[in-house]
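Here is the structure we will look at.
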Amino acid sequence: MSLIDLNIPPGVYRNGTDLQGQGRWRDANLVRWHDGLMRPIGGWRTRSLTAGANKLRGMIAWTDNDADRYMAAGSYNKLYAYTSGGTQYDITPTGITAGREDASAFTAYGSGFYGTLAYGIQRPDTTNIQPATVWHLQTWGEYLLACNSDDGKIYEWQLNTGTPAAQLSNAPVDNQAIVVTEERFVFALGAGGNPRKVQWCDREDNTTWTAAATNEAGDLELNTSGKIMQGVNVRGQTLILTTRDVHAAVYQGPPYVYGIERVGTSCGVASALSCVVVDEGAVWMGVNSFFIYNGSSVTELNSEVSDYVFNDINRAQISKVFGVSNSLYNEIWWFYPSSSSLENDRYVVYNYSEGTWMIGDLSRTAGADRGAFRQPMFASADDNHIYEHEVGFDYGSLTPYAETGPFRIGSGDSVVSVVELIPDEKNQGDVNATFKTRFYPNGTERSYGPYSLSNPTSVRFTGRQVRMRVEGQQLSDWRVGINRVDAIPGGRR
């Protein structure tokens, strides 16, 4: 007999076939890898006292000049502010144009002429999909600025809890998005209904938008075939992302104020809230890939789960994708709707410090990183409440787990019997293990377990290739390291 280390690299690998992912974690939910060890993500608890009337898309958290903390979030027809205690205030601007909770386009079964297209084949891209409504939320000092593309106006809320947000004086209308630059200009993106126009106010004065010799207001039009979707601040620059490419705006001072140059092509964003800024740069989900901007150029980000994500995403609802940083663990989370769902029901995570990827199932529609608050905040698609995350280890009806792809015990051409497992855990018994064996890649799979782990654990299974699944059994911060199995070589079969 010999002890074999199940030394599985951290993170999930979900590209190609099952056998291509041999010796790697293939599926997971509610787990992360930190310093090479698998552990559960933190749980969550309700933070908002009142649910939103509809799905919340767009969120921000900030601190005012008196150190009071606020959150804001918006739905397709509402804008809310929340105090640090979770009290909700309806600050919806008067006369706002309502948008859409779901993206809309009649492109499904029955949308075309009978008999003109083959059954089961994707329909031609002939219909313009109207995206789901999302809010772009920024702060202007201690005040809130808000804009969504269906309404197009820029609103300011001056912390008066009983007063709706008011339209910003003299600002352009029919805008796609907004961003406040590090130099204290408000950028109206897609300004005035022009999908390529960037217009900015005077410096430190968000009510002066007409350019004059006595101010720094101005505008430029991007040389792009795409439509502006989002603006974010990176170190020394303001990044403007379109459906096709990416441009960097750099402050130059009067008389030109800003210069804008293209820094990436064929790297458009998947949605209006998919770009996330961290110390390493700006990272976003595109239509078929992930991308990163390092301060000078855009490169495609190698992802070990891209096949899984982009082959199972509801492209008609891709406008609901949003990204958020979880700086507690150096992670970027994207939530997206799977192909069988109209709503965000899955996530993909990139740990930019360790270069690992995670996947899972969780219904969230908006989020804000820690900073003003101790923990990150996410809005739920199930009940429209805001939840405080990374708190405890309660997941409701969900269970953290991870499952490997197949790995071969021994040389792979002989049958091997495993009789004992020596677990590597932080606390014995916090997880259990199940093993699934096959004699051939597409043969019948047999399952053994789950085994409650002791040191050692008696197991009995035989096969050429094996998959292992571990599940959390305790609401605790468990760890799983390098398990070992005691294997007996058998004959060829």
Go through segment 355-371 and give me each residue that's open to solvent by less than 20 Å² (accessible area, probe 1.4 Å) and either part of a loop (DSSP other than H, G, I, E, B) or aliphatic (A, V, I, L, M) (or both). MET358, ILE359, LEU362, ALA366, ALA368
For segment 248-265, give me each residue that is open to solvent by 10 Å² or more (accessible area, probe 1.4 Å) and within 26 Å of ARG57 (Cα to Cα). none
Take THR437 and tell me if it is free of Cβ contacts under 8 Å to residues at least 60 places away in the same chain, farther than 30 Å from ASN330 by Cβ and surrounded by 20 or more Cβ atoms within 10 Å (Cβ to Cβ). yes
Restricting the search to segment 171-186, which residues are part of a loop (DSSP other than H, G, I, E, B) and open to solvent by less than 10 Å² (accessible area, probe 1.4 Å)? ASN175, THR181, PHE185
Quick one: is ASN65 open to solvent by 60 Å² or more (accessible area, probe 1.4 Å), part of a loop (DSSP other than H, G, I, E, B) and in contact with an Asp or Glu (Cβ under 9 Å, 6 or more places away or on another chain)? yes
Criterion first (on the phi < 0 side of the Ramachandran plot, at pLDDT 95 or above, open to solvent by 30 Å² or more (accessible area, probe 1.4 Å) and out of contact with any Leu (no Cβ under 6 Å at 6 or more places or on another chain)) does VAL287 satisfy it? yes
Would you confirm whether any residue within segment 370-384 is more than 13 Å from ILE60 (Cα to Cα) and among the aliphatic types (A, V, I, L, M)? yes
Considering only residues that are assigned to a strand (DSSP E or B) and over 32 Å from the mean Cα position of the chain (by Cα), look in segment 190-222 and name the one that is nearest to TRP140 (Cα to Cα). ASP205
Which ones in segment 196-223 are of a type outside the set (S, T, N, Q) and surrounded by 21 or more Cβ atoms within 10 Å (Cβ to Cβ)? VAL198, TRP200, CYS201, ASP202, TRP209, GLU216, LEU222
Out of (1) acidic (Asp, Glu); (2) without any contact (Cβ under 8 Å) to a residue 60 or more places away in the chain; (3) open to solvent by 60 Å² or more (accessible area, probe 1.4 Å), what's the single condition that is false for ASP430? (3)
Just to be sure before I move on: is VAL416 at pLDDT below 90 and over 20 Å from the mean Cα position of the chain (by Cα) in the structure I sent? yes
Could you tell me which residue of segment 434-460 is farthest from ILE422 (Cα to Cα), considering only residues that are among the aromatic types (Phe, Trp, Tyr) and modelled with pLDDT of 90 or more? TYR448
Top-ranked residue in segment 20-42 [being in a loop (DSSP other than H, G, I, E, B) and open to solvent by 60 Å² or more (accessible area, probe 1.4 Å); ranked as farthest from ASN351 (Cα to Cα)]: GLN22
Looking across segment 444-493 at residues that are part of a loop (DSSP other than H, G, I, E, B) and of a type in the set (Asp, Glu), the single one that is least open to solvent (accessible area, probe 1.4 Å) is ASP477
If you check VAL173, VAL186, VAL198, which single one turns out to be among the hydrophobic types (A, V, I, L, M, F, W, C) and touching a residue at least 60 places away in the same chain (Cβ under 8 Å)? VAL198
Name every residue in segment 322-354 that is part of a loop (DSSP other than H, G, I, E, B), surrounded by fewer than 24 Cβ atoms within 10 Å (Cβ to Cβ) and free of Cβ contacts under 8 Å to residues at least 60 places away in the same chain, in order of residue number. SER327, ASN330, SER338, SER339, SER340, SER341, ASP345, SER353
Lone qualifier among THR87, THR17 - being of a type outside the set (Phe, Trp, Tyr) and open to solvent by 60 Å² or more (accessible area, probe 1.4 Å): THR17
Of the criteria (1) among the aromatic types (Phe, Trp, Tyr); (2) in a helix (DSSP H, G or I); (3) open to solvent by less than 10 Å² (accessible area, probe 1.4 Å), which one TYR308 fails: (3)
Within the bounds of segment 228-241, is there any residue that is small (Gly, Ala, Ser) and part of a strand (DSSP E or B)? yes
Candidate set: segment 68-84, residues that are among the hydroxyl-bearing types (Ser, Thr, Tyr) and more than 16 Å from THR161 (Cβ to Cβ); chosen: the one surrounded by the most Cβ atoms within 10 Å (Cβ to Cβ): SER75
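The values are calculated or read from the model by the stated rules, or taken from the named source; none is laboratory data. In this text, all values refer to a predicted model and were calculated from it rather than measured experimentally. All Cβ positions, even for glycine, are placed from backbone atoms using ideal geometry, and neighbour counts span all protein chains on display. Heads up: the accessible areas ignore ligands, DNA and RNA and are worked out on the full protein's heavy atoms, side chains in. Shrake-Rupley method; radii C 1.70, N 1.55, O 1.52, S 1.80 Å.
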